[in-house]
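The values are calculated or read from the model by the stated rules, or taken from the named source; none is laboratory data. Quick caveat, the model's predicted, so the values are computed rather than measured. In this analysis, Cβ positions are derived from the backbone assuming ideal geometry, glycine residues included, and neighbour counts consider all displayed protein chains. The protein model used for the area step is the full one, side chains on, heavy atoms only, and it has no ligands, DNA or RNA in it. Shrake-Rupley method; radii C 1.70, N 1.55, O 1.52, S 1.80 Å.
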Amino acid sequence: QNTEILKFLPPSETFGLDLTQARPVSATIIPNTGGGECGYLAFGQWLRINRNIDVSCTDLRAIVGNFDLDNEKCGLLGRDGDSRIPFETRQKIAQTPGEYMQTPELKMLACHYNVCVNVYKDYEKEENVNGLNMANLKQDTVTYSLIEPKYPEPCKETMWLYNSYKSYEHYELLVDVKYETAEEVQERLNEGVQSEIEFEYLSDVESEYSD
């Protein structure tokens, strides 16, 4: 399949990270056919490229289905236990081939493989964002979402995914991510350009099931 280059856009909203952090500039998109398997295909592509692990979509769905929520160590569940509901719901749904991946499945796989996952989105979609004093982000939003397993030690590897379709979640793997140089960061700071990378920490997955 032909690849294409993605040019990152500055985020529509900011979430408080350091202005001096280098932001991604470009990346190569590794396309996949989707068909309800896109998230698992992209995750499997990353494992094959970066860890020499060859797993099928069925294998990854089984990992999600067998994920031990009672003994997870990644900080996925809330103290009140209510946050188990979306995870348990998606564990069951994930066992059906063709059911596309959503955030809970991605979080469980990130925890299982101890990898940080950055999800970039640059299309129109109204969505709830935890921590903002507004019900929803405006449309035409550009967001960078960080899924970070809360292990005793931080994850040492990062996967970039591109959420690229308007009508539903479609994940494609990003590779060869290029970042700003130190000189470019300094130039941006000197110009006062508010284009720093900010991450929405996806800690409130219940918001996806509020309807």
| remark: Counted residues in the range 47-69 being touching a Leu at 6+ places or on another chain (Cβ under 9 Å) and basic (K, R) come to 0
| field | Members of the range 25-41 that are more than 30 Å from R188 (Cβ to Cβ) and either among the polar types (S, T, N, Q) or touching a His at 6+ places or on another chain (Cβ under 9 Å) (or both) | value | N32, T33, G34, C38, G39
| Sole exception among (1) crowded, with 19+ Cβ neighbours inside 10 Å; (2) within 18 Å of the chain's Cα centre (by Cα) for N50, by number | (1)
| message | Among the listed residues G65, G44, identify the single one that is open to solvent by less than 70 Å² (accessible area, probe 1.4 Å), within 17 Å of the chain's Cα centre (by Cα) and modelled with pLDDT of 95 or more. | response | G44
| request: Taking only the range 118-150 into account, find how many residues are modelled with pLDDT of 50 or more, surrounded by 13 or more Cβ atoms within 10 Å (Cβ to Cβ) and more than 11 Å from the chain's Cα centre (by Cα). | output: 6
| task | Exactly one condition in (1) in contact with an Asp or Glu (Cβ under 7 Å, 6 or more places away or on another chain); (2) outside any helix (DSSP H, G or I); (3) at pLDDT 85 or above is not met by L17; state its number. | result | (3)
| message | Quick check on my filter: what residues within the range 63-98 are in a helix (DSSP H, G or I), of a type outside the set (D, E) and more than 14 Å from Y113 (Cβ to Cβ)? | response | G65, L69, N71, R84, I85, P86, F87, T89, R90, Q91, K92, I93
| request: Taking the residues in the range 165-211 that are in contact with a Lys or Arg (Cβ under 8 Å, 6 or more places away or on another chain) and open to solvent by 20 Å² or more (accessible area, probe 1.4 Å) as candidates, determine which candidate is modelled with the lowest pLDDT. | output: L202
| remark: Going through (1) within 21 Å of E148 (Cβ to Cβ); (2) out of contact with any Asp or Glu (no Cβ under 9 Å at 6 or more places or on another chain); (3) basic (K, R); (4) modelled with pLDDT of 95 or more one by one, K107 fails only at (4)
